[in-house]
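The values are calculated or read from the model by the stated rules, or taken from the named source; none is laboratory data. The shown structure was predicted, so the numbers you read here are calculated from the model rather than taken from an experiment. Cβ placement follows ideal geometry from the backbone for every residue including glycine, while neighbour counts extend to all protein chains displayed. To get the accessible areas, we keep the full protein, side chains included, count just its heavy atoms, and leave off ligands, DNA and RNA. Shrake-Rupley method; radii C 1.70, N 1.55, O 1.52, S 1.80 Å.
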Amino acid sequence: MSLSRNATYSAIAATLPSVLTLVTVPLYLHFVGVERYGVLALCWVFLAYSAFMDLGLGLAVARRIAQSRDGDGEDAAEALWTAIWLSLGLGLAAGAAVYAGGLYYFGNMAKVAPTFRSEVAAAIPLMAAAVPVLMLSGVLSGALQGRERFLALNSAQVLGNALGAVLPLVLAYFWSPVLPVLVAGALLGRLVPVPLLFALCRRAVPLRGISRPSGACARSLLGFGGWVSLTTIAVAVLSSADRLMIGGMIGAAAVSVYTIPYNLMSRIYIVPHSLSPVLFPRFAWLDESERQNLVLHGLQTIAAIVTPLLIGAVMLVKPFFTLWIGPELTQAALPLSYMFAVGFWFYCIGYPAIGLLQATGRPDLVSKLFLAQIVPFIGANLLALSMFGLVGAVLVFLVRLPLEAIALVLLARIPWSTLKPLVVPAGLTVSAVLAAWALDGFERYPVLLALLAAATLWSAIHAPAAIRNRLGRFARFLPGSRS
């Protein structure tokens, strides 16, 4: 199965949420208002914390099924049925925890306007109901990942993402723009693809009838997935606790100012998030020398795509924000977006090391690294927010991501010879951010264009052949490409 083809499927599926975000955020701001949108963002952040309670079953199933690729399928079917039963039980427990935790957080910690408190209280049960659906969907997706059925998997995910983004707006327009309606629309959108995922798994694994959970298989899945789950909750804290602290210390409106540039720049996640699931099953069964070659291929691919995209984003973000969200929000969000760009570059480079460590049986190292960051991260954010406001939170983010990437590379024992070429694109990205910040008006654009040209040249030289060939095939469909 072609890695580049599977990565392309994943990239196309991951691009849709970005397009939907560009279209829907102004509509959300128009129909529900800035503050209610900030409260809704807090709801999704809070719901993300429930992900740790799935105990990493999705990734555990993907690894188990990938390792059974040469078997008769019985072990894979046993693993999937066991994970399904476990996810249903864990989902009910996690839903109860989200319900209790949501009542406490929104009732005692978050600074939510009194006019929205009744809406939040009505939305919390729906948030709790979403948890079992999300957990079951994760297990079924993991099974398709293990079988490398990325076209089927991403088709189902595209459907869920589209419905989850659009249905709340449809209900808000035709019914009411209150939080319970918005959350109900998102939950319905996530529920629709689950039967499709199950039908795809029945064919790909394959599944024959309904099986009881296996105790031995459950222990194996939970032994691996427990560490993955710790990583999930640690990442959830590190990636979203800043917004919870902003909501508690500054207010929900500030969450919107912070979240909008974060979400825009974080769309660069598409690149490592599209490639890493494709690499993971291969990491699980390749030998050491083949793994190192695959790591080199992955890092070159990520850097070759990410660097020009981020520099282009830095160049265009000011005029884009002005048209998209208006000049008032742009003035507050623009400096944050520049700093996010640098941090996300380092995030992308460190991400493949996570999959390598987990697929080769060392998920504990990843968990320990992320868990060790939590207390310093929260303490640094509390101090930075009190001293510098929103900019302080981004400064903490900007310091943490490069240090985290270096640690992941060291733990995965990726050699310096693999990383040395990445110094150039890292320097170009940082230079673009400094130029955008230091220069005013149109004088910034010649400098940024020169940096973008240099990044594109580097990418053309260092991108793996499979990527260049795929881009070349795409170019033949562009106007003027044929005589």
Expressed in angstrom and rounded, the centroid-to-centroid distance over alpha carbons for segment 262-317 and segment 417-446 is 19 Å
Under the 7 Å Cα-to-Cβ spin-label approximation, R413 and T21 lie apart by a distance in nanometres of 3.6 nm
Among trypsin sites (Lys or Arg not before Pro) in segment 387-448, those in a DSSP loop whose Cβ has at most 13 other Cβ atoms within 10 Å are R413
Given a Förster distance of 56 Å, the FRET efficiency implied by the Cβ-Cβ spacing of V391 and S211, rounded to the nearest 0.05, works out to 0.55
Heavy-atom accessible area of I374, protein chains in place, probe 1.4 angstrom, given in Å² to nearest 10, is 30 Å²
With a Förster distance of 25 angstrom and the Cβ-Cβ distance between L371 and S289, calculated FRET efficiency to the nearest 0.05 equals 0.20
Quick numbers on the chain, Rg and Dmax over C-alpha atoms in Å, give 22.2, 68
Full extension between A450 and I406 adds, at 0.36 nm per residue less the Cα distance, a length in nm of 13.0 nm
Amide H contacts under 5 Å for R362, restricted to residues at least 5 apart in sequence or on another chain and with H modeled in the peptide plane, are none
Taking protein heavy atoms only, a 1.4 Å probe, and rounding to whole percent, the accessible area of the chain owed to carbon and sulfur comes out at 69 percent
Among the DSSP H helices of the chain, those whose Cα atoms extend at least 24 Å along the helix axis and whose mean Kyte-Doolittle hydropathy is 0.5 or higher are 3-32, 74-104, 114-146, 150-174, 215-249, 270-285, 288-325, 327-359, 363-388, 390-411, 444-462
The chain accessible area per residue, 1.4 Å probe, protein heavy atoms, integer Å², reads 43 Å²
Within segment 241-273, the residues whose backbone N lies under 17 Å from a label point placed 7 Å from the Cα of F320 along the Cα-to-Cβ direction are 258-272
Full extension between A100 and Y173 adds, at 0.36 nm per residue less the Cα distance, a length in nm of 23.3 nm
Under a 1.4 Å probe, counting only protein heavy atoms, T24 has an accessible area in Å², nearest 10, of 10 Å²
The summed charge of the A62 Cβ neighbourhood (under 10 Å; Lys/Arg +1, Asp/Glu -1) stands at +2
A chain fully extended from T360 to V399 at 0.36 nm per residue, minus the present Cα-Cα distance, gains in nm 11.2 nm
Sparse-neighbourhood loop hits (chymotrypsin sites (Phe, Trp or Tyr not before Pro), segment 337-376; DSSP loop; Cβ within 10 Å at most 15 others) -> none
